[in-house]
1. For n ≥ 4 DSSP H runs only, could you compute -39500 (n - 2.57) per run for the chain, divide by its residues and tell me the 222 nm figure to the nearest 500?
2. Arranged by the count of other C-beta atoms within 10 angstrom, fewest first, what order do LEU55, LEU90 take?
3. Starting from the Cα of ILE105, move 7 Å in the Cα-to-Cβ direction to define the label point; list residues of region 45-65 whose amide nitrogen is under 20 Å from there.
4. Figure the gain on full extension for GLU63 and TYR126 (residue separation times 0.36 nm, minus the Cα-Cα span) and round it to one decimal in nm.
5. Please list, by residue number, every one of the GluC sites (Glu not before Pro) in region 7-112 that is coil in DSSP and has at most 14 other beta-carbon atoms within 10 Å.
6. At a threshold of 8 angstrom on Cα-Cα distance, excluding pairs fewer than six apart, so keeping six or more, what relative contact order does region 2-100 reach in percent?
7. To make sure I understand, if each residue's beta carbon is the centre and we count other beta carbons within 10 Å, what order do ILE130, ILE64 fall in, fewest to most?
8. Report the dimensions of region 2-100 along its three principal axes from the alpha-carbon atoms, largest first, rounded to Å.
Amino acid sequence: MATLVKNFSGQPVRVNFEAGLERQAEALLAALEEKHTEGMTLRAGSRIRLGWSFLILQERIGEIVICEPDYTSNPFAETRDDVSVFLRVLASQTALVQMLGVTPIEVSFQDKIVYANGVFESGQLYAERIQPRPDKQDSG
């Protein structure tokens, strides 16, 4: 497990992540620094929407630790003190957007997705994006 700590107005903020995700963790801290510069207070209990998910700030021994939802159990009630899943998914999404040369549309892991039975066992995949309907938590 790797760790980076950055001070925001004297408050240490820690991000824990798997080795190999250093660049992504640094970008995450830079994004939080930008939000902090724009006036956002980084305090325990805050939920911050970034990319496809949200992060939760929790206090641990005098530091604020950036946590991600625990996607393996209940992401709405449980957290992990490590943001590796968040960073890996965001990096994969960014790489795919760049490879396809498309403009990304913000989505959330909470949004609805419709797929055909057996699609994940198929050798080919067809994907189509429809107009997003945020009022129905439908990312399109």
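1. -8000 deg cm²/dmol
2. Exposure proxy ranking, most exposed first: LEU90, LEU55.
3. 50-54
4. Fully extending the segment from GLU63 to TYR126 adds 18.1 nm.
5. Passing both the DSSP loop test and the Cβ count: GLU38, GLU78, GLU106.
6. For region 2-100, the relative contact order is 25 percent.
7. In order of increasing Cβ crowding within 10 Å: ILE130, ILE64.
8. Sorted from largest, the Cα extents of region 2-100 read 41, 31, 25 Å.
Rule-based calculations on the coordinates, nothing more; no lab input. Computed from a predicted model, the values in this text were never measured in an experiment. Heads up, the Cβs are rebuilt from the backbone with ideal geometry, glycines too, and the neighbour counts pull from every protein chain shown.
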